[in-house]
Amino acid sequence: MAIKKECVTMLLAGGQGSRLYALTSRVAKPAVTFGGKYKIIDFPLSNCVNSDLDTVGVLTQYQPLLLNDYIGNGQPWDLDRSFGGVHILSPYQAKKGSDWFKGTANAIYQNITFIKQYNPDYVLILSGDHIYKMNYAAMLQYHKQHEADCTIAAIEVPIEEASRFGILNTNKDGSIYEFEEKPKNPKSNLASMGIYIFTASKLYEYLEADAKKEETSNDFGKDVIPEMLRNKEKMFAYKFEGYWKDVGTIDSLFDANMDLLGDMPNFDLKDSDWRIHSRNPIAPPHYVGETGVVKNSIISLGGEIYGTVENSVLSDHVTIKAGAVVKNSVLFSGVTICENAVVENAIIDEGVIVGEGAVVGAKPKAKEKRKIAVIGRGYEVKAKGVVEPGEIVEDKD
């Protein structure tokens with residue numbers, strides 16, 4: 001019998017991430033590389049252990065192999081526990097049959113037995129595709145102080161972007177009186193972060209009711225949250241102040257990587273009080289050769305730099321050969337940029353080879369909007385080949 005846990009965390013990590021195109025054709029979005037040495041899922045997992053929440057169910061579905069392998073037994077995040085720890089939860093065959101997770105609420109419902117075995121008082125539900133540092137313990141304390149049935153983390157966004165999010169309309173005491181899912185004319189700029197704390201008994205009640213409905217999307221934002229509001233449940237918004245980025249598009253993923261650069265970066269990963277943990281490769285330190293030039297960039301383990309790298313983020317085992325130039329770009333693990341190739345404003349996935357003299361992306365012309373070139377995993381750009389700004393290329397197999 002499992003030991004009781006005050007709070008169990010459920011991390012939704014099964015998303016396809018279709019707006020990342022070639023970057024998620026073979027991996028789930030939470031397994032996409034970020035910041036040189038991390039995967040996107042490192043951030044919610046690290047937030048959990050830093051918040052003293054040690055029981056985490058990770059719900060996978062789309063292309064789960066690499067993500068499952070990366071998480072493993074949870075040791076890098078100190079989640080390899082005898083009681084609790086991290087557990088991979090995939091759709092499974094049950095007595096009444098099997099089914100894919102139909103929506104966020106259905107994914108939690110299908111794993112309600114996992115939650116109940118710990119007899120928690122509260123359940124924290126997270127998304128596995130955001131970049132941020134957050135103390136969930138403080139949010140849990142807020143939830144308890146307000147004796148809430150559900151607390152939703154929220155952040156203020158520019159009003160012109162508010163229609164992209166679920167918007168919370170609140171009273172002065174923080175209680176929520178209305179939730180609008182991606183409204184055309186938002187009444188406020190307080191956006192849901194997709195982070196929920198439920199009192200466990202209320203969560204069970206609404207998940208079981210939603211599962212019995214025929215007309216439902218089985219989704220928290222579209223179904224469960226609006227239903228709780230209609231029933232006048234105690235719901236509060238927990239305002240988050242800090243860096244938070246939904247990296248669900250090519251531009252947002254690129255911008256979040258660029259936010260790590262500079263002497264005073266927009267998002268600082270060097271905070272010793274809130275470390276972001278990851279599974280690190282076994283590799284030697286990076287090396288910058290006599291012809292190598294590096295400016296305002298992140299270079300990871302196993303890198304070899306003989307060309308020029310500026311304002312870029314390079315993952316492990318990246319090789320930049322003599323005469324090659326890489327500017328304003330993000331290179332994933334094992335990328336090779338051959339002699340005299342030029343890469344600018346690009347995201348290049350694992351194992352890509354950019355041939356000698358090839359050109360990938362470009363600096364935008366005056367008054368022209370920046371366009372990010374994207375190369376999918378394992379692709380080879382032939383010598384003197386060209387990948388245009390904004391072009392997305394990948395192997396078709």
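The values are calculated or read from the model by the stated rules, or taken from the named source; none is laboratory data. Quick caveat, the model's predicted, so the values are computed rather than measured. Virtual Cβ from ideal backbone geometry, glycine too; neighbours counted across all protein chains shown. All accessible areas refer to the heavy atoms of the entire protein, side chains included, with ligands and DNA or RNA removed. Shrake-Rupley method; radii C 1.70, N 1.55, O 1.52, S 1.80 Å.
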Q: List every residue pair whose Cβ atoms sit under 6 Å apart, with the two residues 6 or more apart in sequence or on different chains, where the first one lies in region 107-123 and is among the hydroxyl-bearing types (Ser, Thr, Tyr) and the second, anywhere, is in a loop (DSSP other than H, G, I, E, B).
A: TYR118/ALA2; TYR118/LYS5
Q) Taking region 87-132, which residues are closer than 30 Å to ASP259 by Cα, touching a helix residue (DSSP H, G or I) at 6+ places or on another chain (Cβ under 6 Å) and either among the β-branched types (Val, Ile, Thr) or modelled with pLDDT under 95 (or both)? A) THR104, GLY128, ASP129, ILE131
Q: Just need a number here: residues in region 378-397 that are more than 16 Å from VAL335 (Cβ to Cβ) and open to solvent by 90 Å² or more (accessible area, probe 1.4 Å).
A: 4
Q. So which residues in region 188-205 are in contact with a helix residue (DSSP H, G or I) (Cβ under 9 Å, 6 or more places away or on another chain), touching a residue at least 40 places away in the same chain (Cβ under 8 Å) and of a type outside the set (Lys, Arg)?
A. LEU190, SER192, GLY194, ILE195, TYR196, ILE197, PHE198, THR199, ALA200, LEU203, TYR204
Q. Based on what the data block shows, is SER333 open to solvent by 10 Å² or more (accessible area, probe 1.4 Å), under 23 Å from the mean Cα position of the chain (by Cα) and within 24 Å of TYR38 (Cα to Cα)?
A. yes
(Q) Can you tell me which residue is least open to solvent (accessible area, probe 1.4 Å) among those in region 244-270 that are polar (S, T, N, Q) and in contact (Cβ under 8 Å) with a residue 24 or more places away in the chain? (A) ASN257
Q.
Considering only region 170-180, I want to know if a residue exists there that is surrounded by fewer than 20 Cβ atoms within 10 Å (Cβ to Cβ), over 26 Å from PRO30 (Cα atoms) and in contact with a helix residue (DSSP H, G or I) (Cβ under 8 Å, 6 or more places away or on another chain).
A. yes
Q. Restricting to region 101-124, what's the tally of residues that are crowded, with 23+ Cβ neighbours inside 10 Å and within 18 Å of the chain's Cα centre (by Cα)?
A. 3
Q: Take the residues in region 189-222 that are among the aliphatic types (A, V, I, L, M) and surrounded by 17 or more Cβ atoms within 10 Å (Cβ to Cβ), then tell me which one is farthest from ILE112 (Cα to Cα).
A: LEU190
Q) Here are some conditions: (1) over 30 Å from LYS172 (Cα atoms); (2) part of a loop (DSSP other than H, G, I, E, B); (3) out of contact with any strand residue (DSSP E or B) (no Cβ under 8 Å at 6 or more places or on another chain). LYS232 meets all but one. Which one does it not meet? A) (1)
Q.
I'd like the full set of residues that are polar (S, T, N, Q) and either in contact with a Pro (Cβ under 6 Å, 6 or more places away or on another chain) or not in a helix (DSSP H, G or I) (or both), limited to region 98-141.
A. SER98, GLN110, ASN111, GLN117, ASN119, SER127, ASN135
**Q.** So ALA13, is it modelled with pLDDT under 90, touching a strand residue (DSSP E or B) at 6+ places or on another chain (Cβ under 7 Å) and open to solvent by less than 10 Å² (accessible area, probe 1.4 Å)
**A.** yes
Q) In region 223-243, how many are surrounded by fewer than 21 Cβ atoms within 10 Å (Cβ to Cβ) and of a type outside the set (Phe, Trp, Tyr)? A) 11
(Q) Being small (Gly, Ala, Ser), at pLDDT 95 or above and either part of a helix (DSSP H, G or I) or in contact with an Asp or Glu (Cβ under 6 Å, 6 or more places away or on another chain) (or both) narrows it down to one residue among SER201, SER163, SER217; which is it? (A) SER201
Q: Kindly establish whether GLY361 is surrounded by fewer than 20 Cβ atoms within 10 Å (Cβ to Cβ) and either touching a Lys or Arg at 6+ places or on another chain (Cβ under 8 Å) or on the phi > 0 side of the Ramachandran plot (or both).
A: no
**Q.** Only one of GLU350, GLU339, GLU356 that is touching a Cys at 6+ places or on another chain (Cβ under 8 Å), open to solvent by 30 Å² or more (accessible area, probe 1.4 Å) and in a loop (DSSP other than H, G, I, E, B)
**A.** GLU356
Q. Can you pull out the residues in region 271-312 that are surrounded by fewer than 16 Cβ atoms within 10 Å (Cβ to Cβ), free of Cβ contacts under 8 Å to residues at least 40 places away in the same chain and closer than 13 Å to GLY36 by Cβ?
A. ALA283
Q: Determine if region 265-278 includes at least one residue that is among the charged types (D, E, K, R), modelled with pLDDT of 95 or more and at positive phi.
A: no
Q: Kindly list the number of the only condition in (1) within 20 Å of ASP255 (Cβ to Cβ); (2) touching a residue at least 60 places away in the same chain (Cβ under 8 Å); (3) assigned to a loop (DSSP other than H, G, I, E, B); (4) not small (Gly, Ala, Ser) that fails for GLU368.
A: (2)
Q | Tally of residues being part of a loop (DSSP other than H, G, I, E, B) and either in contact with a Ser or Thr (Cβ under 7 Å, 6 or more places away or on another chain) or under 20 Å from GLY103 (Cα atoms) (or both) across region 41-80 | A | 7
